[in-house]
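Just so you know, all these numbers are worked out from the coordinates, no wet-lab data involved. Predicted model, so just to flag it, every value in this text is computed and none were measured. Every residue, glycine among them, receives a Cβ derived from its backbone with ideal geometry; neighbour counts consider all protein chains shown.
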Amino acid sequence: MKRKTILILIVLSLFPLTLFSSVSFLPEHTFFSSFKSDLLSSSNNLEVFYEAKSNMEGQFIRFDKKDGVPGEWYLPINDFNKDKDSFFLHLQTGGSVGFLRFGKESILEMQLVMDAHISSVFYLLRGNDNLGFDGVYFMGGELKALDSILLRGGIRHFSGHVGDEAIFNALGRDPSFVGAEMTEFVEDAYEVALGYDNPKFPYLKGAFGLIVPKAESYMMPFVHRPDWITSGGKDNSERDPLSYGVRGDYGPSYNGLTLYSEMDGILPFSWGSLSASYIITLYESGKTKHTLSPLDDQDVWEISHELRLSLALENGKLSLSMDGFVRKGRFPLLSYYWRESTVIGFGFSLKG
């Protein structure tokens with residue numbers, strides 16, 4: 001009842017604005033579409049990167065023997081070669097759309113939005129081996145005040161999947177293994193973001209966001225999972241967390257927050273722009289005790305840093321960006337949340 005009352009009050013407070021506003025269906029763009037952060041961007045990217053450093057604990061696959069005896073956790077590649085298997089191809093395709101926009105331009109505008117992207121990583125020098133792919137979408141609303149202050153709120157879904165080649169490589173270790181248990185990532189969350197992007201001052205923009213998992217959301221295995229969810233006929237209390245690569249009990253729910261921020265410095269010119277972006281993401285899931293190698297459980301936050309230099313060529317509504325970047329933090333696949341990397345890369349992104 002309280003939620004309905006709050007919603008009604010919000011609608012009533014905004015109603016006078018509609019009397020002095022214009023209304024448009026399917027506007028050309030969403031307010032946050034120009035940011036580069038993976039959590040904000042729904043652009044089409046093609047990137048090549050080199051993993052200069054990694055703890056190689058990014059993804060494990062566990063098998064049971066045919067007689068039911070638990071098997072071991074394995075990396076998804078059984079003949080890793082540092083010279084060959086440190087180069088990757090990252091592909092992403094996505095888009096964003098506003099369904100309904102109303103308000104007074106340059107004063108206050110609001111719109112309903114949805115954006116989504118699919119992201120995948122391949123070994124660059126190992127045939128077509130695919131490590132995995134992610135699906136991410138956001139549904140909610142956006143507000144733009146005084147042509148510069150941005151506000152977004154809604155629900156975001158994350159879903160990570162292990163690539164077929166990764167599974168087959170692990171199976172190749174012992175054909176007698178059955179019953180694969182993979183560390184796939186699933187999460188539904190509430191998200192709110194605040195940004196600044198003023199076309200009259202195109203030299204600086206930025207955004208800050210907070211993601212809070214929903215109580216009924218869960219991340220495999222047992223990292224964020226209510227007790228009422230069962231797997232294999234057993235709930236959390238009936239299974240041994242240590243056998244799934246985690247340490248400790250998480251209770252009925254675990255709200256591991258995610259904080260992210262981006263700051264862009266931009267030098268525009270007649271046919272495009274040159275920009276430098278710094279992106280930082282903090283994951284509270286550092287305290288989930290999910291690593292196979294014991295870490296200090298008091299080390300609550302994991303931090304990812306990224307510095308990106310971009311040259312954007314613009315032709316009307318179309319923009320082609322050529323990027324060079326350095327990133328230290330999580331590997332760019334959801335299901336590889338155990339893996340910390342330092343990567344250097346370059347790529348292209350296309351926005352319409």
Handout entry: Simple label model, 7 Å out from Cα along Cβ direction - LEU210 to ALA145, nm
Key = 1.6
Exercise for the section: At 0.36 nm per residue, minus the direct Cα-Cα distance, what do HIS157 and HIS29 gain on full extension? Give it in nm, one decimal, please. Expected result: 44.0 nm
Completion exercise
Spelling it out for SER106: with amide H atoms placed in the peptide plane at 1.01 Å from N, the residues 5 or more places away or on another chain with amide H under 5 Å from its amide H are ASP147
Handout entry: Using θ = phi - 60° and Karplus 6.51 cos²θ - 1.76 cosθ + 1.60, couplings along the stretch 144-149 (whole Hz; Gly, Pro as x)
Key = 10, 10, 6, 6, 8, 8
Exercise for the section: Enumerate the residues in the stretch 110-152 having an amide nitrogen under 18 Å from the point lying 7 Å beyond the Cα of SER22 toward its Cβ. Expected result: 110-112, 143-148
Practice task
Would you mind computing, in nm to one decimal, how far apart the modelled labels at VAL326 and LEU267 are, each placed 7 Å from Cα along Cα→Cβ?
Solution key: 1.9
Handout entry: Summed residue charge, Cβ within 10 Å of ASP264's Cβ, Lys/Arg positive, Asp/Glu negative
Key = +1
Problem - Label-point separation in nm, HIS305 to LYS200, each point 7 Å along Cα→Cβ - result: 3.6
Problem - Relative packing of 29-42, 301-314, which averages over residues the other C-beta atoms within 10 Å, highest first - result: 29-42, 301-314
Handout entry: Too-long pairs where the Cα-Cα distance tops 24 Å, listed order kept, from LYS104/LYS351; LYS144/LYS328; LYS144/LYS205
Key = LYS104/LYS351; LYS144/LYS328
